[in-house]
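Asks: Have a look at the structure that comes next, please.
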Amino acid sequence: MNAENEDQPKRRAKPVDFDQLYPGRFIKAGELLGKKVTLTIADVDLEDLMGEDNKPKAKATLTFKETEKQMVMCKTNGICLKAMFGKKLSDWVGKRITIFPDTWNGEPAIRIWGSPDLEEESEVEIALPRRRPFKKTMHRTAKAQRAEPDQQTSEAPGP
């Protein structure tokens, strides 16, 4: 490595979405740039994260093989993963999921589209407190969608 290059700031991809201006440790919907992205689950965890009321709240998080970025998992996404891969969390590790940007109550959100590891499409009923149940289809996605590490375009969000 050249000594001149060590003093240069790290060059990043040019941002095209507001969410890219303020990177953090979690994937944001805007970082997906309107595309579906397939990632491999490396770990599932539960951590205390600050809520909108500035109080810690237990939240499920996913870690992926292809990126350092993690995903905070809402209950809808958790129900979808349980329907696809079962109730035992260790069975989720190594499975691939395809995520996409969506909206929830007018706010950007990340949702699960499906997985290349599914044998066929399946319908999942989402029943949340104080909401009418609704259905989502989990799609069998193409294996060619797999994200490559360290790409900041449409494949894997993050560094």
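The values are calculated or read from the model by the stated rules, or taken from the named source; none is laboratory data. Since we're looking at a predicted model, the values are computed, not measured. Glycine gets a Cβ as well: all are built from the backbone with ideal geometry, and neighbour counts include every protein chain shown. Calculation scope for accessible area: heavy atoms of the full protein, side chains included, ligands and nucleic acids excluded. Shrake-Rupley method; radii C 1.70, N 1.55, O 1.52, S 1.80 Å.
Asks: Note the full-extension length gain between D45 and E68 as 0.36 nm times their separation in residues minus their Cα-Cα distance, in nm to one decimal.
Replies: On the way: separation 23, 0.36 × 23 = 8.28 nm, distance 1.47 nm.
Contour length minus Cα-Cα distance gives 6.8 nm.
Asks: Determine how large the accessible area of F18 is when every protein chain is in place; take a 1.4 Å probe and give Å² rounded to the nearest 10.
Replies: 140
Asks: Now, a different point. Note down the accessible area of W92, probe 1.4 Å, to the nearest 10 Å².
Replies: About 10 Å², ignoring ligands and nucleic acids.
Asks: Here's another thing I want to ask about it. Just check the range 17-101 against the gyration tensor rule for me: Cα atoms, a ≥ b ≥ c as the square roots of the eigenvalues, rounded for a/c under 1.5, and otherwise prolate or oblate depending on whether a/b exceeds b/c. Display every interim value, and only then the final one.
Replies: Values: a/c = 1.80, a/b = 1.15, b/c = 1.57.
Taking the square roots of the gyration eigenvalues as a ≥ b ≥ c, the range 17-101 is oblate.
Asks: List the lysines whose Cα lies under 21 Å from the Cα of K75, skipping any in the same chain that are fewer than 8 positions away.
Replies: Reachable lysines: K28, K36, K55, K57, K59, K87, K88, K95, K135, K136.
Asks: Mind checking the range 27-113 for GluC sites (Glu not before Pro) that DSSP puts in a loop (not H, G, I, E or B) and that have at most 14 other Cβ atoms within 10 Å?
Replies: Sites meeting the loop and neighbour criteria: E52, E68.
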